[in-house]
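In what follows, a single structure is set out as structure tokens and then discussed.
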Amino acid sequence: MEEASGEENRKLALMRFTLGSPCALEIEQSVADGLVRAMEIILEMVSVEQKFSIIMENFLEFEQEIASTVLRDAYFSSQSAQEFFDAKQAFNRRALNILTAVRLYHDQSHSHVRVIFPDEPERWGELKRAFSEEYDQYLSYRTMEALRNYAQHRGLPIQGLTMGSRWLDSQTPASRLEFNAATNIIISELESDSKFKKSVLEELRQVGGSKGVVDVRPMVREYIQSIASVHEKFRGMSDPLVEESLSLVEEWKGKYKKHCPSTEQSSIAVGWQYENRSRERIAYLNDEQISQLAILRGRTRSNVNLAKRFVTTAPYQR
């Protein structure tokens with residue numbers, strides 16, 4: 001932040017940028033700089049959390065699409081060829097949403113970490129390693145990344161859909177008819193793309209075996225678990241700065257409230273106040289964004305064992 005110019009009589013202050021709010025709390029340049037930086041860190045983390053939330057919402061919609069399709073198959077007459085085609089299209093749409101959202105998160109998180117830690121390149125490397133470790137450890141991650149490239153340049157990520165049912169405990173009074181749907185990668189279709197990553201293709205051949213088909217559902221779940229793991233590491237490295245920033249903003253909002261007790265406490269900002277009573281805003285102490293940060297962080301469950309979770313409508317067994 002630039003120092004106040006001697007050509008104009010102005011002072012740095014906390015104030016409300018609304019009509020009829022003349023009260024202002026004069027502050028030092030160092031305080032103003034600290035508050036502007038604090039809000040920058042908070043807003044960067046809100047943006048990171050928003051992107052992660054979009055990934056999780058897209059993942060939820062993918063799972064809901066599976067559940068809805070299976071339920072319809074269980075309780076309605078056999079699907080026509082068009083309905084089957086439409087179902088596969090819907091799964092592809094959901095999968096593409098996930099792949100796009102993860103790419104957005106991956107690319108922009110590297111920009112965010114540089115803003116939050118402008119003078120700590122080791123933090124930039126820490127985030128890069130977190131992504132690389134998940135890629136190296138999990139075939140699911142490597143497969144989904146390869147499918148994103150395939151979808152960008154060649155074809156859709158899901159090539160097949162298998163639906164069916166089977167009897168459980170068929171020889172007992174407790175017999176149940178289970179319905180399911182598998183969203184499939186067809187390896188022969190990937191082989192037709194000369195640019196599909198060869199090492200990943202060979203790994204998929206081993207998983208697909210003689211059938212040449214791999215169910216993408218568990219891979220999507222493990223992929224999301226990997227991204228969630230990276231996100232937890234991002235949170236862990238940035239939490240001390242975020243908490244410090246939140247504390248500083250709350251401290252000075254409290255001082256403003258004490259100095260201007262009769263003034264509404266929303267829309268407080270750091271800014272210049274001129275002798276002629278005009279004002280120039282530098283940065284809002286944005287209550288809405290601060291609230292959103294807490295909401296977004298508290299929205300999802302712990303991501304431990306995310307890939308092992310599944311939903312069933314079978315009767316609950318105590």
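Amide H to amide H, with H built 1.01 Å from N, L161 comes under 5 Å of N184, counting only residues 5 or more places away or on other chains. For the stretch 1-151, the carbon plus sulfur part of the accessible surface works out to 50%, probe radius 1.4 Å. Springs join every pair of Cα atoms under 10 Å in this Gaussian network model of the chain, and among L25, L104, L177 the largest mean-square fluctuation is at L177. Amide H contacts of L285 (H built 1.01 Å from N, in plane; Pro and chain starts excluded): I268, A269, V270 sit under 5 Å, all sequence-distant by 5 or more or on other chains. Normalised by the number of residues in the stretch 115-252, the mean separation of alpha-carbon contacts (under 8 Å, six or more apart) gives a relative contact order of 26 percent.
Taking amide hydrogens as placed 1.01 Å from N in the peptide plane, the amide H of I27 sits under 5 Å from those of L12, A13, L14, each at least 5 positions away in sequence or on another chain. Which label marks the calculated value of Cα Rg over 2.2 N^0.38 Å, given the options [x] 1.23; [y] 1.35; [z] 1.13? So the structure-derived entry is [y].
Sequence-distant contacts, meaning Cα pairs under 8 Å at least 6 residues apart, place the relative contact order of the stretch 179-318 at 21 percent. Working note: Karplus 6.51/-1.76/1.60 with θ = phi - 60° gives the stretch 50-60 the couplings 4, 5, 5, 4, 4, 4, 5, 5, 5, 5, 4 Hz, where Gly and Pro are set to x.
Estimated at the nearest 10 Å², the accessible area of I66 is 10 Å² with a 1.4 Å probe.
Applying a DSSP loop filter and a limit of 10 other Cβ atoms within 10 Å to the trypsin sites (Lys or Arg not before Pro) in the stretch 162-203 leaves K195. Computed over neighbours whose Cβ is under 15 Å from that of D239, the net charge equals -3, Lys and Arg +1, Asp and Glu -1.
Only Cα pairs under 8 Å and 6+ residues apart enter the sum, and on that basis the relative contact order of the chain stands at 28 percent. Between S262, I116, M45, the Cα set farthest toward the positive side of the dipole of the chain (charges on each charged residue's Cβ, about the Cα centre) is that of M45. Considering helices alone, the calculated mean residue ellipticity of the chain at 222 nm is -20500 deg cm²/dmol, with DSSP H runs of length four and up weighted by -39500 (n - 2.57) and normalised per residue. The residues of the stretch 216-318 expose, per residue, 61 Å² of accessible area to a 1.4 Å probe. Across the stretch 68-83, coupling constants 3J(HN,Hα) worked out from phi with the 6.51/-1.76/1.60 Karplus curve, θ = phi - 60°, read 5, 5, 5, 4, 4, 5, 6, 10, 10, 5, 3, 6, 6, 4, 5, 4 Hz, and Gly and Pro carry x. In whole Hz, with x marking every Gly and Pro, tabulate ³J(HN,Hα) for the stretch 88-101 from phi via Karplus 6.51 cos²θ - 1.76 cosθ + 1.60, θ = phi - 60°. Per residue, the Karplus-derived 3J(HN,Hα) values read 5, 4, 5, 5, 5, 4, 5, 5, 5, 4, 5, 4, 5, 5 Hz. Counting only chymotrypsin sites (Phe, Trp or Tyr not before Pro) that DSSP places in a loop and that have at most 14 other Cβ atoms within 10 Å, the longest clean stretch of the chain runs over 77-309.
The values are calculated or read from the model by the stated rules, or taken from the named source; none is laboratory data. A quick note: this is a predicted structure, and the numbers were derived from the prediction, not measured. Every residue, glycine among them, receives a Cβ derived from its backbone with ideal geometry; neighbour counts consider all protein chains shown. Keep in mind that these areas ignore ligands, DNA and RNA; they rest on the heavy atoms of the full protein, side chains included. Shrake-Rupley method; radii C 1.70, N 1.55, O 1.52, S 1.80 Å.
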